[in-house]
Amino acid sequence: MTARLEISLHASSVRRGRKWVLRDVSWRLAPGGRWALLGENGAGKTQLLKLLSGDVWPTPPGGVRNYRLGEKELELIDAKRRIAYVGAELQDKYARYGWNPRVRDLIATGLHRTDLLLLPVTPPQAKRVAATLRACGLKRHAEREFSSLSYGQKRLALLARALVQDPDWLLLDEFYNGLDGEYRRRIDSLLRAARRRGQAWVATAHRAADVPAGTRCMLELELGRVRSVGLLRPRDLEGLAARTRGRRKPARAGKGADVTAVNRMGGRVLLQLSNVALFVDYRPVLRDVEWQLRKGEHWAVYGANGSGKSSFLKLLYGDLSPAFGGRIERSTVARGAPIADWKRRVGYVSPELQSDYSIDVSVRDLVASGRHASIGLAEEPSAQDRRTAARWLKFFGLWAAAERRPRELSYGELRRALIARAMAASPSILLLDEPLTGLDPKQRALMKGLLERLMPKLSLVMAVHHAEDLPRGMTHFLRLHNRRALRVDSYSAT
C-alpha cells in the first residue's frame, strides 16, 4: 500500500493579535486516522486545521510541527501537497473575490493546488478531472459556473476539487453544514471510498449527525486547549446529540397543501407574490408561486439543496426579480419606488453576506451600516447611527466587541453581528437564510432565544434544514419542491 502522511504537533500554540487561539496542543495523527474535532464556536477548531495544513505556523517560543512519510521527514512544501482543506471558509473565498470558474476548471485547480486555473489542463489531467466528476455525480454540471450551483452542489464540487489531488488527509471544516439528506448520503459514499484507499480525515462538527461515518477518534478543544483526546465512543455522539437537542421538543409538520390557501385571518398584507416564476442564470428555480406574508406571521422555509430556498429569500429581498408576467406587491413602499427604499425596511442575513464581511470595518460600523442597507459605511456614522448600533450590540451581547473587526469574531459572534446589522434598520420583515448553520449548541440556543424576543416586533421568514434550528412561535411552514411552493396549515415549533 502507498505510504501515507503522518502529522504530529508538540506543545504548539497560535496567537492572533493579542489573543491566544491555541495553547500547548500536542497531537499525533497516524496515517489513515479518522478524527472528529469537537468544541464550541471560538474553541480554535478552524485554527487547528490551519496549523495541521501548514497555513499557519506555531507561535514562538516553542511548538513543534512534524510531517513524516514512513521513515522520511518531509518539508512543509512537500507535506502541503498531501493535505486538502474543504469548508465554508474556502466556499466563502470564491464568493468574496468574485471568482466564478466552471466546475470542470474548479476541480482542475486541485491538481495545481491554486485558487484559479493558471495553466492549461493536459490530456492526462483532463482524464483525471473527468473521472472525479463522474465519481462525485457532477458530470452534468461540468460546464456550469460555480456561482450558479446550489449550496450543496458547491460543497460537493469543492470536495471533488480536494479528491482529485489524491490527498493523504482531508480536513473537513463543518463540512455537512447546510446539506440535505441526499447530499449527505453522496458524501458518505465518497468518504467510504476514500477510507478504502487509505485516506484519512479530520472533521469538525457541532452535531452528532455531522460526524462522518467511520470516524474512529476524537479530540475536543475548549478555549484553545485540548480538553480530551481518544477513541470516539457511542456515548460521545449521544452527548453531542443531547446538547444539540437541548430541552426543546422536536418540530412537527403537517401535510402539504398548495400555498394559495394562505390563512386570510392574519394582519395586513406586507408582501404578496402573484403568478411568480423565477429564473437564475437562465435556469428555472420556481414557478406559479402564489404567496403572501401578513403582519405577525412567521414562516419557516425548507426543502432539499437546490430547491430554491436562498433564491426565494433573495426574491423577497429584491436581489432577484420574477420572470415576465409575475408580480410582487410590497405594501410599505409605493409602486415604482426604487428597490433600495424597500431594502431599507427589510432585514436580510445570508451565508453570502457573511462572506462579504472581510472588509476592514469595526463591528460597530458593521451594525450601523444596516440603517443604510450597505456593506460598511461610506462616511462617518451619524449620532443616530451610533445610538442604533449601540442598542443592538447590547441586545445581541456584542458591546464588548464593538471595536473589533469582523474577522476577529468567532463564527457565532459574526452571525449575531449580522443579525444586529439587519435589525438596525427597524425592519418590519426579517429574512434569515440558515442563520444557525455552523453554530454550536450553546450559540444556537442563545440565537433562538434572541429571535424569540424579536418576533413580536416583526415578521420572520427563515430558511432551514434542521427543525431544531427554529425558534418557538413559527406560524407557517413552506416547502419548496419540484419548483413549487407548498404550505403547511398547522405547525408545532421547537
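The values are calculated or read from the model by the stated rules, or taken from the named source; none is laboratory data. Please read these numbers as outputs of a predicted model, since none were measured by experiment. Methodologically, a virtual Cβ is constructed for each residue, glycine included, from the backbone with ideal geometry; neighbour enumeration extends over all protein chains shown.
Mind checking which pairs have a first residue in the stretch 67-84 that is on the phi > 0 side of the Ramachandran plot and a second that is at pLDDT below 95, Cβ under 6 Å, 6 or more apart or different chains?
Correct list of pairs: Gly70/Ala3.
How about the stretch 98-128: which of its residues are touching a residue at least 40 places away in the same chain (Cβ under 8 Å) and not polar (S, T, N, Q)?
Trp99, Pro101, Arg102, Val103, Leu106, Ile107, Ala108, Gly110, Leu111, Arg113, listed by residue number.
Criterion first (modelled with pLDDT under 90 and either out of contact with any Lys or Arg (no Cβ under 8 Å at 6 or more places or on another chain) or charged (D, E, K, R) (or both)) does Arg247 satisfy it?
yes
Among the residues of the stretch 182-196, count how many are touching a residue at least 24 places away in the same chain (Cβ under 8 Å) and out of contact with any helix residue (DSSP H, G or I) (no Cβ under 9 Å at 6 or more places or on another chain).
Total meeting the criteria: 2.
Within the set of pairs 6 or more residues apart or between chains, which connect a residue that is assigned by TED's automatic domain parsing to the domain that holds Ser53 inside the stretch 160-178 to a residue that is among the acidic types (Asp, Glu) with Cβ atoms less than 6 Å apart?
Within 6 Å, the pairs are Tyr176/Asp210; Gly178/Glu434.
Just checking, which of Ala79, Ala11, Ala30 is touching a strand residue (DSSP E or B) at 6+ places or on another chain (Cβ under 8 Å), among the small types (Gly, Ala, Ser) and surrounded by 21 or more Cβ atoms within 10 Å (Cβ to Cβ)?
When all the criteria are applied, what remains is Ala79.
Only one of (1) closer than 21 Å to Val129 by Cα; (2) not in a helix (DSSP H, G or I) fails for Val202. Which number is that?
(1)
Please determine, by comparing only the residues of the stretch 448-462 that are over 22 Å from Gly267 (Cα atoms) and in contact (Cβ under 8 Å) with a residue 40 or more places away in the chain, which one is surrounded by the fewest Cβ atoms within 10 Å (Cβ to Cβ).
In this case the residue turns out to be Leu450.
Touching a residue at least 24 places away in the same chain (Cβ under 8 Å), under 15 Å from Val461 (Cβ atoms) and of a type in the set (Asp, Glu), is that true of Glu297?
Taking the combined requirement at face value, the residue satisfies it.
I'm checking my understanding of the structure. Among residues of the stretch 433-450 that are out of contact with any Leu (no Cβ under 7 Å at 6 or more places or on another chain) and of a type in the set (A, V, I, L, M, F, W, C), which one is farthest from Gly370 (Cα to Cα)?
Among those residues, the one meeting the criterion is Ala445.
Looking only at the stretch 207-241, count every residue that is farther than 22 Å from Gly87 by Cα and under 22 Å from the mean Cα position of the chain (by Cα) and tell me the total.
Matching residues across the stretch 207-241 total 0.
Quick one: how many residues across the stretch 298-355 are hydrophobic (A, V, I, L, M, F, W, C), surrounded by fewer than 19 Cβ atoms within 10 Å (Cβ to Cβ) and over 20 Å from the mean Cα position of the chain (by Cα)?
Here the count works out to 9.
Report whether or not Leu436 is crowded, with 20+ Cβ neighbours inside 10 Å, assigned by TED's automatic domain parsing to the domain that holds Val280 and either touching a Phe, Trp or Tyr at 6+ places or on another chain (Cβ under 7 Å) or over 24 Å from Val289 (Cα atoms) (or both).
yes
If you check Gly296, Gly326, Gly303, Gly267, which single one turns out to be in contact with a Lys or Arg (Cβ under 6 Å, 6 or more places away or on another chain), at pLDDT 80 or above and in the same structural domain as Arg472 (by TED's automatic domain parsing)?
Only one candidate qualifies: Gly303.
Quick check on this structure: which one of Gly178, Gly152 is in a helix (DSSP H, G or I) and touching a helix residue (DSSP H, G or I) at 6+ places or on another chain (Cβ under 8 Å)?
Just a single option satisfies the conditions, and that option is Gly152.
Report, by residue number, each residue of the stretch 335-349 that is part of a helix (DSSP H, G or I) and among the small types (Gly, Ala, Ser).
Ala340
Which condition number does Arg344 fail, the rest of (1) modelled with pLDDT under 85; (2) farther than 29 Å from Ala88 by Cα being met?
Of everything listed in (1) modelled with pLDDT under 85; (2) farther than 29 Å from Ala88 by Cα, Arg344 misses just condition (2).
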